[in-house]
Amino acid sequence: MAILFSRDVVEFVNGTWEPPVRLSLGHILTGLGCASGGSCVAIDGLGDAYLFNGHSWSNALNAWGSAQAVSCESSQFCFAAGGGVSQWDGISWSEPADVDPGATMTAIDCASPENCVVVDDKGRLIRWEVDHWTPPTKVTSDAFAGVATLSDRIYVLVTGSGGLYTLGPAGLGKLGLVMGISGRVTGLACASQGSVATCYLTTSRGDLYQQRIPVSSVS
């Protein structure tokens with residue numbers, strides 16, 4: 001599933017892209033998160049959410065404020081982040097919680113319903129630990145642009161200028177700078193196979209970059 005032209009979503013099925021579906025008529029889609037089993041959630045700049053049950057999209061569900069990113073573990077568990085963090089429980093969204101005062105959260109990813117990481121435009125990260133959010137931790141002076149899960153409790157983080165960081169049980173680590181990037185980083189997605197993880201970075205210039213990371217450096 002992907003966002004197309006800011007207001008449509010398209011689904012990739014059996015090697016073919018399906019026709020686009022227009023979700024938000026008046027606001028740009030700002031985030032899309034999918035869970036195993038085929039359920040997805042899309043959010044727009046107003047804070048409306050649209051739910052995909054594996055077959056069709058719902059109408060807009062209760063606006064609660066601006067959001068920039070969403071991560072889902074199932075159709076009964078999602079977090080959306082932006083000016084605050086709101087939780088989806090399968091029925092409704094909670095009121096946004098201000099867990100990152102003075103900053104805008106730019107990305108979120110969850111390894112499980114008990115462990116999530118949010119990053120912000122002040123170079124900080126906040127963790128969801130079972131039932132509460134930790135205080136913000138300052139990592140860098142650059143704004144974070146993305147965070148991606150490799151496995152349970154293991155994450156990769158990237159700044160707008162391409163600085164890569166790792167977060168695992170042993171704590172934070174710095175991998176260095178992705179070289180040759182044109183424009184600012186806008187997104188990050190990672191997957192691990194064996195001893196190597198492959199991460200893909202998107203930029204404001206519309207480019208896609210690939211970076212390989214030894215999994216051992218994150219653990």
Identify, please: which residue in the stretch 106-147 is of a type in the set (S, T, N, Q) and open to solvent by 10 Å² or more (accessible area, probe 1.4 Å) and is, among those, farthest from ALA189 (Cα to Cα)?
THR134
Do we have any residue at all in the stretch 126-137 that's among the basic types (Lys, Arg), within 21 Å of ALA80 (Cβ to Cβ) and either without any contact (Cβ under 8 Å) to a residue 40 or more places away in the chain or part of a loop (DSSP other than H, G, I, E, B) (or both)?
yes
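Among residues belonging to the stretch 1-25 that are open to solvent by 70 Å² or more (accessible area, probe 1.4 Å) and of a type in the set (A, V, I, L, M, F, W, C), point out the one that is nearest to GLY47 (Cα to Cα).
Looking at the filtered set, the residue picked out is LEU25.
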Set GLY180, GLY173: member being surrounded by fewer than 16 Cβ atoms within 10 Å (Cβ to Cβ), more than 12 Å from the chain's Cα centre (by Cα), part of a strand (DSSP E or B) and among the small types (Gly, Ala, Ser):
GLY173
Are any residues in the stretch 70-115 among the small types (Gly, Ala, Ser) and in contact (Cβ under 8 Å) with a residue 40 or more places away in the chain, and if so, which ones?
SER71, SER75, ALA80, GLY82, ALA107, ALA111, SER112
Which condition number in (1) open to solvent by 70 Å² or more (accessible area, probe 1.4 Å); (2) under 13 Å from the mean Cα position of the chain (by Cα); (3) closer than 19 Å to VAL99 by Cα is the one that THR186 fails?
(3)
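Among the residues of the stretch 148-162, how many are open to solvent by less than 10 Å² (accessible area, probe 1.4 Å) and either touching a Leu at 6+ places or on another chain (Cβ under 6 Å) or of a type in the set (S, T, N, Q) (or both)?
5
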Within the stretch 192-219, the residues that are part of a strand (DSSP E or B) and without any contact (Cβ under 8 Å) to a residue 24 or more places away in the chain are GLN193, VAL196, THR198, TYR200, THR202, THR203, LEU208, GLN210, ARG212, PRO214
Looking at (1) closer than 18 Å to GLY47 by Cβ; (2) open to solvent by less than 10 Å² (accessible area, probe 1.4 Å), can you tell me which one ILE91 breaks?
(2)
Take the conditions under 20 Å from THR186 (Cβ atoms), at pLDDT 85 or above and either of a type outside the set (Asp, Glu) or open to solvent by less than 30 Å² (accessible area, probe 1.4 Å) (or both) and apply them to VAL85. Does it pass?
no
Failed condition for SER6, given (1) part of a loop (DSSP other than H, G, I, E, B); (2) within 17 Å of the chain's Cα centre (by Cα); (3) in contact (Cβ under 8 Å) with a residue 24 or more places away in the chain
(3)
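The values are calculated or read from the model by the stated rules, or taken from the named source; none is laboratory data. Bear in mind the structure is a predicted one, so any value in this text is a computation, not a measurement. Neighbour counts are summed over all protein chains in view; Cβ atoms, including those assigned to glycine, are modelled from backbone coordinates with ideal geometry. What goes into the accessible areas is simple: the full protein's heavy atoms, side chains included, and nothing from ligands, DNA or RNA. Shrake-Rupley method; radii C 1.70, N 1.55, O 1.52, S 1.80 Å.
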